[in-house]
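The values are calculated or read from the model by the stated rules, or taken from the named source; none is laboratory data. Quick caveat: nothing in here was measured; it's all calculated off a predicted structure. Note: ideal-geometry Cβ built from the backbone for every residue, glycine included; neighbour counts use all protein chains shown.
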Amino acid sequence: MPEEPCQCPDCQRFYREHDRLIRENPTLRQQQELSWAALQSFRTLAGRVMEELQKQQDASEAPPEPPAAAHAVPAANADQGGEDADALQQAMADLENINAHLFSIEALMERIFDVRVPDQVEQKFRELAGELAPDPLNADRLRLNRLLHQTPDLPG
């Protein structure tokens, strides 16, 4: 017997988004384009964050001009600065890895665009999309939701 879907808010949000993406993009071509756009937006944002972090790191490594009133940095502040620099360095290394993985995924996804299917198959996508992610405003779905919300969630 299959395990019941998780009822935590994060999983519920995922299920809603999953269903919405199927409803709004019910063909192979639309799913291809959606996946490509999501990958590209992820790469663009991660790349920009990397650039900004690199600028921030470069600026912090440049020797600051000492203000006339300041003589020495307290040891506690120096330790904090070292921890922040280490955390920034680790974040940048993690983002570099993410970008490398995204580039690999992009290379694989390019193969997806080589696939074209006949209209009959696209129609099958549309039919199954309706079954997998029915319209949440459908009267039957709303009635079912009301019934489900009258039953407390099972303990997870």
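Go through the stretch 1-39 and count every residue that is of a type in the set (A, V, I, L, M) and surrounded by 13 or more Cβ atoms within 10 Å (Cβ to Cβ). Talk me through it step by step, then tell me what you get.
Step one: filter the stretch 1-39 for residues of a type in the set (A, V, I, L, M), giving 1, 21-22, 28, 34, 37-39.
Filter once more, keeping what is surrounded by 13 or more Cβ atoms within 10 Å (Cβ to Cβ): 21-22, 28, 34, 39.
Qualifying residue count for the region: 5.
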Against the definition (free of Cβ contacts under 8 Å to residues at least 12 places away in the same chain and under 20 Å from residue 96 (Cα atoms)), how does residue 51 come out, yes or no? yes
Is there a residue in the stretch 40-47 that is surrounded by fewer than 15 Cβ atoms within 10 Å (Cβ to Cβ), over 19 Å from the mean Cα position of the chain (by Cα) and at pLDDT below 95? no
Looking at 143, 111, 126, which is the one that is surrounded by fewer than 10 Cβ atoms within 10 Å (Cβ to Cβ) and either modelled with pLDDT under 90 or in a helix (DSSP H, G or I) (or both)? 111
